[in-house]
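For reference, the structure discussed in these notes is given below.
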Amino acid sequence: MKGEVSVVKLHEIAIATFVTLMLTVAAWADPQAPDSGSKHLGVKSCSGDNCHGAVKPAEHSAVMQNEYLIWSQEVDNDRVDKHHRAYAVLSDERGIRIAHNLGLPDAVTAEICLNCHADNVPEARRGPRFEISDGVGCEACHGGAEKWLGVHLSGAGHKANLDAGLYPTEKPVARAEKCLFCHFGDPSDKSRFVTHLIMGAGHPRMGFELDTYTAAEPAHFTVGPKYIERKGPINDVQVWAVGQAISLIRRTDALLEPKNAPKGIQPELVLFDCQSCHHAVSQIRWQPRKSTGLAPGSLQLYDADAVMLRVIADRVAPTAAKVLSEHMLALHHATTVNWDTVVREATEVRRAAMELENLVSSHDFTGDDTKALAEGVVAIGLTDDDTDYSGAEQATMALGSIASAMRMSGYLTSGQTKVMIDALTGLNKSIADDATYQPGIFVTALKDFQKAIPQ
Amino acid sequence: MLAAIATRTRRRACAIAAFSLILATAGQTCAQSQGDDAVHLGVVSCAGNNCHGAKERSEGSSVAQNEYLIWSKSDKHHRAYTVLLEERGMRIARNLGLPNAATADMCLACHTDPVPPAKRGPRFQLSDGVGCEGCHGGASSWLGTHISGARHSDNLAAGLYPTERPAARAEKCLSCHIGDAADDNRFVTHRMMGAGHPRMPFELDTYTAVEPAHFVVDQRYIERKGPVDDVQVWAVGQAVDLGKRMGALLEPKRAPKGVFPELVLFDCQSCHHPYNSLRGEGITTGLAPGSVKLYDANAIMLHVIAARLAPAAAKALSSHMLALQRASGESWATVQVEAHEVRRLASELSPILSSHDFTRDDMKAFADGIIALGLAGEDVRYSEAEQATMGLASIFSAVKSSGSLSEDQITAMTKAMNGLYGSFASDETYRHEPFVKALKEFRRTAPR
């Protein structure tokens, strides 16, 4: 499934005219804020066949109207929106096993599971048609509809909907905040953060990249002229860049959260790079990384988002890039000193990531930027600075976003597009399985991608 | 390697009657520093064809005399220096920032017989790897006595290392096979593992057999050196091993640096498993899922042994091991308190095991105890499966040596042993269920 993400994205997103309109993205610090107090009316309130429950895309409407079908369809297992199954999986074999290992009677009644596997608003805020078993339904992302459904139905326009409380998922920062609220979690909320305890009990690893995951969800919107008219243009590279900045901010939040401070000699391992430990002892692949400076046999903080953000900053804000990379190096080193030093450096990294979030969310990414970013991402792998699995995974998703932006902006001819899709397929294959991942195969695929970048 | 272990049982030509001689294994506690101020004369000094360099077993002699040939043809100790110059050795050196593994003390200390230049005789070669005197001690003080055909006790008195005594052998082997945590040049840290050093499993009796042993326990051996009981070698090895592991936890040099403890003291597969393989989290450690677990397979084996021979110590061992694992989630100071207690118990058990006369019933109880670990319903971890199998192999070997098994029984049990070894041939693909199945098969073939 993951192996097809980037290719799918290129196929699925229709080409739109690239509009160089600056996006206005206000700071959504709390992804729940616009929704506070509003009742959630349930998926059924949205899925009428003349609303979002059409069987086929509508021709003359501003939106496709088949959004419910895309979200709920079970016909094609590879294309199912996992949000729809989020509650159901809690009762699957794995869900039962995780609950058992955590000493929970049942995953479907545990807050710690429900907070991200359902739209778990308090009882008082559930409308009569609301069903917890709908999983992560419409209002989990778009906000409780009580206050805006009337306005929305009246056809008042997108801005009026937003004013009434619809969540602005089209804005990269807001979307990042919303998605990461579960896809990374809220480190200060012990019922909303997947710790290594939960991983150890059997929870799968949580890879994430905002732009790729939007496409792979699969997206139930199409960026066409009507979309752009109402919501502004979408630039995949910007969505990717903002996603990386906010991901890094969340990660530093987690390091700064006192609940995650080491207990005894056991640090909160979920903040570390999974494959730093989880590889077979026979698979020896350590090599020095100048961006971590760590000795062999060290556990390494997950830093693939920081590495990507540095590539982005190198292009759009070189001074900030330098600050970020110095503090990341210091943060890695701090893990060999003590937790206080980790906290101090995480604070600095957070500051740098915040600054970059502002910069990238208002930056107008040009075709030249996109090309430079593609070259920057490729260079990371080719200079051996980060060919760890997590780095390869993020680089592959980044190149998928970049390819998508190039295609949407008309930067690629159809011949060039085909070559790039082939190169992305190779990259995706090289990271398909972390257990058998070989840096050499990834690097070869990266070289093929490099050739596909138009000169 | 595993295939070699699996065939160990065939290689043993032990035909010991039921001897009940108590071994005198008094305080051989410090293998590497004790009694070896002698000059090391080099492998060449031992390898004469009328000494230990015969081509074939010598009929009339008290020893086989082909020891050099066995060592130089099939024993990894012989290649210990050479491997430093091979691809892996070079890679490890590069990753550690060393110019060359073959000139680095931290490699040479265990990949050769690392005596200082002043203690090297004219025929001594560092490139001989772990040679005769690496284990038997520098020969300058005892070679004369030895060549004169003196009794074994005279050789020992002159400084020959008593490798036949289980506790002394354990100390000697483990001085490299775990190392000395207090000596930076003699301890494989997780940094070295991360640089590419292979994992170091060890079990005294099994590793003696697969070295391969260059001695045969026959009538003449027993006359000169006393009987050898595989179960005793196994049991003593477990106690000494556990004591050394606890010593490493207590060593200030191995205290946590920064956020992490010295990871080499933990169970490798506790972290090094693919996370997409859902594995059971046994509750034998009392730790929550997702915790890093200290290596405890020796303690588990020693508990099985003590449960039979010293029940009070067994109970204390199990409660302190539980507390030790729990302490890793509390503080390093608590870890040290508990490690100290576990080490005390291991060192109390070591002399008890060294002087115990192991009976058939003891062996049966140990085998039942090990098998019960796998049948308790909790997942058996890779490191446990590995030690359990080597433990059962030692027991099997001892029972076989006692002459009480029929040829058919030996064949069936050897097959079952091979099944056990096969069930954990790769830590990557290891699963609890095939191991338990193999364990049940072994139980089926074992005489009741």
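The values are calculated or read from the model by the stated rules, or taken from the named source; none is laboratory data. Quick caveat, the model's predicted, so the values are computed rather than measured. Cβ atoms come from the backbone with ideal geometry, glycine included; neighbour counts cover every protein chain shown. When the accessible area is computed, the model is the full protein with side chains, heavy atoms only, and any ligands, DNA or RNA have been set aside. Shrake-Rupley method; radii C 1.70, N 1.55, O 1.52, S 1.80 Å.
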For this session: Determine whether A:P204 is assigned to a loop (DSSP other than H, G, I, E, B) and open to solvent by less than 30 Å² (accessible area, probe 1.4 Å).
Result: no
Exercise. Counting only residues that are under 27 Å from A:W71 (Cα atoms) and of a type in the set (S, T, Y), which one in the range A:212-263 is surrounded by the fewest Cβ atoms within 10 Å (Cβ to Cβ)?
Worked result: A:T222
Seminar exercise, completed: Among helices (runs of 4 or more DSSP H) completely within the range B:164-259, the ones holding 3 or more residues that are more than 14 Å from chain A (Cβ to nearest Cβ) and touching a helix residue (DSSP H, G or I) at 6+ places or on another chain (Cβ under 7 Å) are B:166-177, B:204-210, B:230-250
For this session: Kindly indicate whether A:D163 is of a type in the set (D, E), part of a loop (DSSP other than H, G, I, E, B) and out of contact with any His (no Cβ under 8 Å at 6 or more places or on another chain).
Result: no
Exercise. Could we say that A:N66 is among the polar types (S, T, N, Q), under 30 Å from A:G200 (Cβ atoms), touching a residue at least 12 places away in the same chain (Cβ under 8 Å) and surrounded by 14 or more Cβ atoms within 10 Å (Cβ to Cβ) here?
Worked result: no
Seminar exercise, completed: Out of (1) open to solvent by 60 Å² or more (accessible area, probe 1.4 Å); (2) in contact with a Cys (Cβ under 6 Å, 6 or more places away or on another chain); (3) not polar (S, T, N, Q), the one A:I112 does not meet is (2)
Problem set entry | Considering residues of the range B:46-76 that are assigned to a helix (DSSP H, G or I) and either open to solvent by 50 Å² or more (accessible area, probe 1.4 Å) or of a type in the set (A, V, I, L, M, F, W, C) (or both) only, the residue farthest from B:V216 (Cα to Cα) | B:K76
Exercise. Only one of these conditions is not met by A:D384: (1) crowded, with 18+ Cβ neighbours inside 10 Å; (2) within 14 Å of another protein chain (Cβ to nearest Cβ); (3) more than 30 Å from B:A255 (Cβ to Cβ). Which number is it?
Worked result: (1)
Exercise. How do the pairs read when you match residues in the range A:323-350 that are crowded, with 23+ Cβ neighbours inside 10 Å with residues anywhere that are aromatic (F, W, Y), using Cβ under 9 Å and keeping only pairs 6 or more apart or on different chains?
Worked result: A:T335/A:F272; A:T335/B:F260
For this session: Among what's in the range B:111-135 and is crowded, with 20+ Cβ neighbours inside 10 Å and in a helix (DSSP H, G or I), pick the residue that is nearest to the other protein chains (Cβ to nearest Cβ).
Result: B:H111
Exercise. For the subset of the range A:228-267 comprising residues that are β-branched (V, I, T) and touching a residue at least 60 places away in the same chain (Cβ under 8 Å), which member is farthest from A:V194 (Cα to Cα)?
Worked result: A:I228
Problem set entry | Answer from A:S133, A:S154 - the residue that is more than 23 Å from A:V63 (Cβ to Cβ), open to solvent by 40 Å² or more (accessible area, probe 1.4 Å) and among the small types (G, A, S) | A:S133
Problem set entry | Listing of helices (runs of 4 or more DSSP H) fully contained in the range A:236-353 that carry 2 or more residues being more than 14 Å from every other protein chain (Cβ to nearest Cβ) and either over 21 Å from the mean Cα position of the chain (by Cα) or not acidic (D, E) (or both) | A:236-256, A:304-316, A:318-334
Exercise. Has the range B:415-424 got at least one residue that is out of contact with any Lys or Arg (no Cβ under 6 Å at 6 or more places or on another chain), surrounded by fewer than 20 Cβ atoms within 10 Å (Cβ to Cβ) and under 26 Å from B:V216 (Cβ atoms)?
Worked result: yes
Exercise. Listed residues B:A367, B:A346, B:A312; which is away from every other protein chain (no Cβ under 14 Å) and more than 24 Å from the chain's Cα centre (by Cα)?
Worked result: B:A312
Seminar exercise, completed: Across (1) under 25 Å from B:T429 (Cα atoms); (2) crowded, with 21+ Cβ neighbours inside 10 Å; (3) modelled with pLDDT under 95, A:V270 clears everything bar (3)
Exercise. So which of A:T169, A:T222 is modelled with pLDDT under 95 and either away from every other protein chain (no Cβ under 14 Å) or in a helix (DSSP H, G or I) (or both)?
Worked result: A:T222
Problem set entry | Criterion violated by A:K147 - all others in (1) within 21 Å of A:K39 (Cα to Cα); (2) within 14 Å of chain B (Cβ to nearest Cβ) satisfied | (2)
For this session: Could you check, for the range B:263-275, whether at least one of its residues is among the hydrophobic types (A, V, I, L, M, F, W, C), part of a loop (DSSP other than H, G, I, E, B), within 14 Å of another protein chain (Cβ to nearest Cβ) and in contact (Cβ under 8 Å) with a residue 24 or more places away in the chain?
Result: no
Exercise. Within the range A:307-322, how many residues are open to solvent by less than 30 Å² (accessible area, probe 1.4 Å) and either free of Cβ contacts under 8 Å to residues at least 40 places away in the same chain or more than 26 Å from A:A174 (Cβ to Cβ) (or both)?
Worked result: 2
Exercise. Do we find a residue being within 30 Å of A:A280 (Cβ to Cβ), open to solvent by 20 Å² or more (accessible area, probe 1.4 Å) and either out of contact with any strand residue (DSSP E or B) (no Cβ under 9 Å at 6 or more places or on another chain) or in contact (Cβ under 8 Å) with a residue 60 or more places away in the chain (or both) anywhere in the range A:387-400?
Worked result: yes
Exercise. Looking at B:A195, is it hydrophobic (A, V, I, L, M, F, W, C), buried (at least 19 other Cβ atoms within 10 Å of the Cβ) and more than 22 Å from B:V342 (Cβ to Cβ)?
Worked result: yes
Seminar exercise, completed: For the range B:324-343, the count of residues that are within 12 Å of chain A (Cβ to nearest Cβ) and in contact with a Gly (Cβ under 6 Å, 6 or more places away or on another chain) equals 6
Exercise. Which pairs have Cβ atoms under 9 Å, sit 6 or more apart or on different chains, and link a residue in the range A:182-207 that is more than 7 Å from every other protein chain (Cβ to nearest Cβ) and free of Cβ contacts under 8 Å to residues at least 40 places away in the same chain to one that is in a helix (DSSP H, G or I) and hydroxyl-bearing (S, T, Y)?
Worked result: A:H183/A:Y213; A:H183/A:S247
Exercise. In this structure, is A:N101 at pLDDT below 95 and closer than 23 Å to A:F184 by Cβ?
Worked result: yes
Exercise. Looking at A:L104, is it free of Cβ contacts under 8 Å to residues at least 24 places away in the same chain, part of a loop (DSSP other than H, G, I, E, B) and open to solvent by 20 Å² or more (accessible area, probe 1.4 Å)?
Worked result: yes
For this session: Any residue in the range B:76-97 that's under 15 Å from B:M200 (Cβ atoms): show its pairings with residues that are assigned to a helix (DSSP H, G or I) and open to solvent by 70 Å² or more (accessible area, probe 1.4 Å) at Cβ separation under 9 Å, as long as the two are six or more apart or on different chains.
Result: B:V83/B:K76
